[in-house]
Amino acid sequence: AAMVGLVFGVYGIGMIAGAFLAKPLAQYLPLGVLIAVGPLGGFIGSLLVLTSVAVPSLPLVGLAFFCFGFGPILWTINTTSLRQVITPQPMLGRVSALLTLATSGARPIGAGIGLLIASLSGPEACLMASAFCFLLQLLIIVVSPAARLRDLPAPV
């Protein structure tokens with residue numbers, strides 16, 4: 001229980017570090033790169049967790065959860081800023097609500113799929129599927145127009 005708490009604490013430290021560094025990083029990196037860091041952090045984290053199956057290591061899992069916290073918080077900060085700029089003001093509440101519903105609604109579906117994969121093929125297969133999904137998400141973002149943004153566009 002203490003190790004699980006420690007790993008989740010490192011996840012929180014990753015989130016805090018990402019939030020703290022968001023503004024300084026925005027001065028040096030294009031917006032599209034910062035948007036891609038979220039899925040990259042998730043993919044790296046998933047590979048580290050998968051690696052920990054073969055090489056059990058608390059620091060490895062801690063680093064994985066740091067990546068899970070760091071990258072996605074940069075994603076959240078930068079995509080929220082982008083969404084607020086490109087969404088017409090009267091639509092902003094509806095767009096934000098739809099995004100919240102979609103992301104929150106996807107979590108139990110993903111958990112159910114993970115349960116199904118793990119129960120049929122074992123936890124390693126579930127971790128491999130997770131890494132594949134993080135890779136797919138990363139590839140979708142990298143080829144999207146969002147990844148090529150230098151700065152926030154002019155407000156709508």
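The values are calculated or read from the model by the stated rules, or taken from the named source; none is laboratory data. No experiment lies behind these values; they were computed from the predicted model shown. Counting neighbours? That spans all protein chains shown, and the Cβs are built from the backbone with ideal geometry, glycine included. Areas reflect the complete protein model, heavy atoms only, side chains present, ligands, DNA and RNA absent. Shrake-Rupley method; radii C 1.70, N 1.55, O 1.52, S 1.80 Å.
If you go through segment 15-35, how many residues are under 13 Å from the mean Cα position of the chain (by Cα) and open to solvent by less than 20 Å² (accessible area, probe 1.4 Å)?
The qualifying residues number 3.
Give the residue, chosen from 103, 79, 51, that is open to solvent by 40 Å² or more (accessible area, probe 1.4 Å), in a helix (DSSP H, G or I), within 30 Å of residue 155 (Cβ to Cβ) and not acidic (Asp, Glu).
Step by step, each of 103, 79, 51 is checked, and only 103 is open to solvent by 40 Å² or more (accessible area, probe 1.4 Å), in a helix (DSSP H, G or I), within 30 Å of residue 155 (Cβ to Cβ) and not acidic (Asp, Glu).
Can you run down the residue pairs with Cβ atoms below 6 Å, 6 or more apart or on separate chains, where the first is in segment 1-12 and under 10 Å from residue 61 (Cα atoms) and the partner is of a type in the set (Phe, Trp, Tyr) and open to solvent by 80 Å² or more (accessible area, probe 1.4 Å)?
Matching pairs, first to second residue: none at all.
With respect to residue 64, determine if the residue is in a helix (DSSP H, G or I), open to solvent by 60 Å² or more (accessible area, probe 1.4 Å) and without any contact (Cβ under 8 Å) to a residue 40 or more places away in the chain.
Values: in a helix (DSSP H, G or I): yes; open to solvent by 60 Å² or more (accessible area, probe 1.4 Å): no; without any contact (Cβ under 8 Å) to a residue 40 or more places away in the chain: yes.
Against the criterion (in a helix (DSSP H, G or I), open to solvent by 60 Å² or more (accessible area, probe 1.4 Å) and without any contact (Cβ under 8 Å) to a residue 40 or more places away in the chain), residue 64 does not qualify.
Surrounded by 11 or more Cβ atoms within 10 Å (Cβ to Cβ), in contact with a Lys or Arg (Cβ under 7 Å, 6 or more places away or on another chain) and part of a helix (DSSP H, G or I): which single residue out of 95, 85 fits that description?
Exactly one of 95, 85 is surrounded by 11 or more Cβ atoms within 10 Å (Cβ to Cβ), in contact with a Lys or Arg (Cβ under 7 Å, 6 or more places away or on another chain) and part of a helix (DSSP H, G or I), namely 95.
Specify the residue that is farthest from residue 30 (Cα to Cα); the eligible residues are those in segment 128-156 that are open to solvent by less than 50 Å² (accessible area, probe 1.4 Å) and outside any loop (DSSP other than H, G, I, E, B).
In this case the residue turns out to be 129.
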